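Here the structure comes first, spelled out in structure tokens, and everything after it is commentary.
The values are calculated or read from the model by the stated rules, or taken from the named source; none is laboratory data. Just so it is clear, the structure is predicted and the values come from calculations on it, not from any experiment. All Cβ positions, glycine included, derive from the backbone under ideal geometry; neighbour counts span all protein chains shown. For accessibility, only protein heavy atoms count, side chains too; no ligands or nucleic acids. Shrake-Rupley method; radii C 1.70, N 1.55, O 1.52, S 1.80 Å.
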2 protein chains.
Amino acid sequence: MVRPTIADIANRAGVSKGAVSFALNGRPGVSDATRERILRIAEQMSWRPHSAARALGASRVDSVGMVIARPARTLGVEPFFAHLLSGVQSGLSAESISLQLLIVEDTAAEIEVYRRWASEHRVDGVILVDLTVKDPRIDELKALELPAVVIGGRGGKGALPSVWADDREAMLSIVEYLAALGHRRIAHVAGTPNFQHTQRRIRALRDAAPRLGLVDSPSLPTDFSDAEGAAITRKLLSQAQRPTAIVYDSDVMAVAGLGVAMEMGVSVPGDLSIVAFDDSILTQLMHPALTALSRDTFDFGRQAAEVLLETIAAPAQVINRRTPDPVLTVRESTAPPPRPA
Amino acid sequence: MVRPTIADIANRAGVSKGAVSFALNGRPGVSDATRERILRIAEQMSWRPHSAARALGASRVDSVGMVIARPARTLGVEPFFAHLLSGVQSGLSAESISLQLLIVEDTAAEIEVYRRWASEHRVDGVILVDLTVKDPRIDELKALELPAVVIGGRGGKGALPSVWADDREAMLSIVEYLAALGHRRIAHVAGTPNFQHTQRRIRALRDAAPRLGLVDSPSLPTDFSDAEGAAITRKLLSQAQRPTAIVYDSDVMAVAGLGVAMEMGVSVPGDLSIVAFDDSILTQLMHPALTALSRDTFDFGRQAAEVLLETIAAPAQVINRRTPDPVLTVRESTAPPPRPA
DNA sequence: TGCAGGAGCTATACCGGTTTATCAAACCCA
DNA sequence: TGGGTTTGATAAACCGGTATAGCTCCTGCA
């Protein structure tokens with residue numbers, strides 16, 4: 001016998017298909033004795049549900065989707081996504097729900113994917129990353145009635161369910177640490193201000209500056225690429241009054257920045273302190289190793305999966321789950337600023 | 001009307017469900033005029049196939065799977081997978097086939113996933129990576145009769161279809177380049193000898209050594225981690241007779257090795273030349289930038305997808321497609337060896 | 001004793017497609 | 001003009017599950 005169906009099991013057990021379905025799904029309708037017998041036979045014949053058949057009948061496919069809209073070139077280097085992905089999977093595997101992953105070039109393509117997924121019933125819900133300020137995906141997903149969870153963007157009124165960490169607190173912990181070391185000129189090499197998390201970080205720095213007595217604290221936007229990270233660093237270090245510390249919004253940019261500093265003969269951490277807003281092997285591979293903000297990205301993904309499953313089960317409620325604040329891991333790239341010449 | 005079904009279309013067009021199915025799938029059975037009309041109506045009602053229903057009827061799910069068995073920690077840093085993935089997707093998107101991705105801890109878990117996928121009919125085929133010497137996955141997939149394509153491992157007799165590049169030629173191009181610069185002590189920090197590609201590289205070096213007049217050319221196995229890469233480098237550089245060049249089997253290990261060299265005061269490329277067997281932003285971010293072997297990983301993935309689709313369509317034939325040889329990109333980390341003291 | 005009610009199970013419709021058996025009309029050639 | 005083949009279409013079975021109406025017993029209670 002190839003793949004047994006519930007009809008085969010029903011036959012063997014001398015009951016109806018319906019009874020088998022009840023037994024296998026753990027719902028009432030059969031006696032414990034019969035259930036036991038059916039389960040044993042199913043096990044014996046090594047029966048497994050046919051996903052398509054189940055999807056057709058139950059109108060749920062036990063599969064969720066995740067689209068990442070970034071050029072592949074920059075994707076691989078950031079451990080962030082790999083960890084996030086593993087976390088999401090671990091959250092899903094408990095319910096043995098599978099994950100569809102797609103990497104696309106831009107948001108337009110991403111939305112197109114959601115439309116297709118929705119109309120073809122390929123996924124029960126989706127996980128969103130990289131929330132932008134007026135994100136077009138939100139309305140689209142609502143229109144499609146596709147359950148969704150946003151990672152990283154705390155939603156306001158009428159927003160989608162979300163899992164988020166406090167970017168504001170995170171930025172504050174970095175700046176306060178640097179200020180305590182004595183830094184007063186702290187530059188921030190930011191990401192795209194279009195991203196909500198980037199905006200929150202920029203605002204946090206701006207708000208904290210007066211209180212901490214910062215003399216100069218510019219936030220400079222980039223596209224997250226190593227190239228722009230390097231270019232901005234070069235510009236910053238060429239100024240007459242250069243910063244004594246730079247905070248980078250990603251580990252890749254921080255590494256690029258460190259390279260520029262070395263090349264220009266600026267010693268780290270002697271002349272310049274460097275902090276990365278994301279932690280990974282990358283920051284640890286460097287010499288000096290970079291002080292970085294560590295988040296439990298794996299857990300982040302896991303929680304996103306959990307919230308998504310709850311949302312699929314009960315679409316009415318909107319969960320907004322806050323994750324633990326990230327903590328600063330101090331390594332060798334930060335020190336008190338040089339004494340003024 | 002919510003999502004129209006072919007029955008709705010049949011109704012509107014005044015034909016039977018069967019006719020609509022024929023028309024939409026471009027198979028004979030309807031006249032051109034009727035086909036045209038049906039297609040127009042389907043378009044108008046913005047009909048899309050219900051993937052589960054189609055899977056149930058046609059017993060193919062238009063979805064392929066890929067399992068990566070590596071600890072998530074090391075995954076993200078290597079751009080290799082991100083590029084490969086994008087390539088695979090691009091190869092699949094033409095036929096609008098979707099991809100299921102799973103990251104697991106080890107091969108046992110990977111095989112378990114294949115079993116599940118096969119019995120639940122979740123995928124039409126799978127793509128394998130990291131082929132080992134006596135790979136248990138091969139037999140398992142054959143037993144499951146699940147179409148598969150192996151990436152990177154040229155198969156022998158009775159093997160699975162594959163897409164591969166010539167690791168041997170690649171290693172030779174590196175070593176010949178170094179030998180031409182004058183290097184005679186070339187160490188090779190390899191991956192796990194368990195991997196077929198690693199073995200081929202080790203053998204290539206061993207075979208070429210006499211011809212190139214190498215005095216010393218050890219291949220040292222690692223687990224691909226930055227930690228072991230660093231440890232081996234430290235050992236190599238502490239020897240009385242240390243190598244004048246080191247070839248690393250991955251970009252991450254090369255970067256780790258560079259760090260160790262700097263820390264030990266060994267100048268690169270003055271005292272030591274470094275070559276990475278994989279290229280990425282990582283190698284370009286370093287100072288000095290690393291000489292590395294560049295492969296078109298994206299295209300690699302695209303071809304794997306193509307071969308898999310052909311294999312699914314015609315399981316009998318076994319395709320073994322060779323991709324272009326990788327080329328060496330020379331950067332700043334290689335130079336002639338120091339003159340003997 | 002009679003009847004309501006629930007437990008345990010069966011039979012069957014249904015999900016949205018694909019595939020096949022069947023059939024009428026048109027076409028072809030001798 | 002008549003018999004065989006091709007064309008265009010239909011109706012119904014089918015894929016492997018889930019959901020539901022309904023049937024049969026058994027139990028409990030008035």
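Things worth noting here:
- Accessible surface comparison of A:Met262, B:Met171, probe 1.4 Å, protein chains only, largest first: the order is A:Met262, B:Met171.
- Chain A, helix-only ellipticity at 222 nm - DSSP H runs n ≥ 4, -39,500 (n - 2.57), divided by all residues, nearest 500: -14500 deg cm²/dmol
- Lysine pairs in the protein assembly as shown whose alpha-carbon atoms fall under 21 angstrom of each other, counting only those eight or more residues apart or on distinct chains, come to 6.
- Ratio of Rg to Rh for the stretch A:6-48: 0.90 [Cα atoms; Kirkwood radius as inverse mean 1/r over pairs].
- Each of A:Leu236, A:Leu220 has its accessible area taken with a 1.4 Å probe; listed largest first, they run A:Leu220, A:Leu236.
- Between A:Ala143 and B:Arg211, the simple label model (points 7 Å from Cα in the Cβ direction) yields a spacing of 6.3 nm.
- With a simple spin-label model that places each label point 7 Å from the Cα along the Cα-to-Cβ direction, the separation between B:Arg203 and A:Ser59 comes to 5.8 nm.
- Projecting the Cα positions of A:Ala254, A:Ser219, A:Gly265 onto the charge dipole of the stretch A:167-294 (unit charges on Cβ atoms of Lys, Arg, Asp and Glu, taken about the Cα centre) puts A:Ser219 furthest along the positive direction.
- Phi-derived couplings, Karplus 6.51 cos²θ - 1.76 cosθ + 1.60 at θ = phi - 60°, listed residue by residue for the stretch B:43-50: 4, 4, 7, 6, 6, 9, x, 7 Hz, with x used for Gly and Pro.
- At full extension, A:Arg48 and A:Ala240 could sit 62.1 nm farther apart than now, given 0.36 nm per residue minus the alpha carbon distance.
- Size-normalised alpha-carbon gyration radius of the stretch A:167-294, reference 2.2 N^0.38 Å: 0.94
- Amide hydrogen proximity for A:His50: with H placed 1.01 Å from N in the peptide plane, no residue at 5 or more positions away or on another chain lies under 5 Å.
- Taken over the Cα atoms of the stretch A:67-201, the convex hull encloses 135 Å³ per residue.
- For the stretch A:179-268, the relative contact order comes to 36 percent (Cα pairs under 8 Å, sequence separation of at least 6).
- Listed residue (B:Leu181, B:Pro193, B:Ala7) projecting farthest to the positive dipole end of chain B, Cβ model: B:Ala7
- Converting phi to 3J(HN,Hα) with the Karplus coefficients 6.51, -1.76 and 1.60 and the offset θ = phi - 60°, the stretch A:230-247 yields 5, 4, 4, 4, 4, 5, 4, 7, 8, 5, 4, 9, 8, x, 9, 8, 10, 9 Hz in sequence order, with x at every glycine or proline.
- Largest first and in whole Å, the equivalent-ellipsoid semi-axes of the protein assembly as shown read 48, 34, 22, each the square root of five times a Cα gyration tensor eigenvalue.
- This model, with +1 at the C-beta of Lys and Arg and -1 at the C-beta of Asp and Glu, gives the stretch B:89-159 a dipole about its Cα centre of some 240 debye.
- Charged neighbours of A:His121, selected by a Cβ distance under 15 Å, balance to +4 (K, R count +1; D, E count -1).
- Among A:Phe298, B:Phe80, A:Phe81, the order of accessible area from largest down is A:Phe298, B:Phe80, A:Phe81, computed with a 1.4 Å probe on protein heavy atoms.
- Computed about the Cα centre, the dipole magnitude for the stretch B:167-294 is approximately 500 debye when only Lys and Arg (+1) and Asp and Glu (-1) carry charge, each at its Cβ.
- Here A:Ser294 yields copy-to-copy label distances, from shortest upward, of 3.6 nm, the label point defined as 7 Å from Cα along Cα to C-beta.
- Annotation: for a label point projected 7 angstrom from Cα along Cα→Cβ of A:Val318, residues of the stretch A:181-209 with backbone N closer than 19 Å are A:196-197.
- A:His50 - accessible surface, heavy atoms, 1.4 Å probe, Å² rounded to 10: 50
- Per residue, the convex hull volume that the Cα atoms of chain A enclose (Å³): 161
- Whole-Å semi-axes of the ellipsoid equivalent to the stretch B:241-341 (Cα gyration tensor, √5λ, descending): 38, 13, 11
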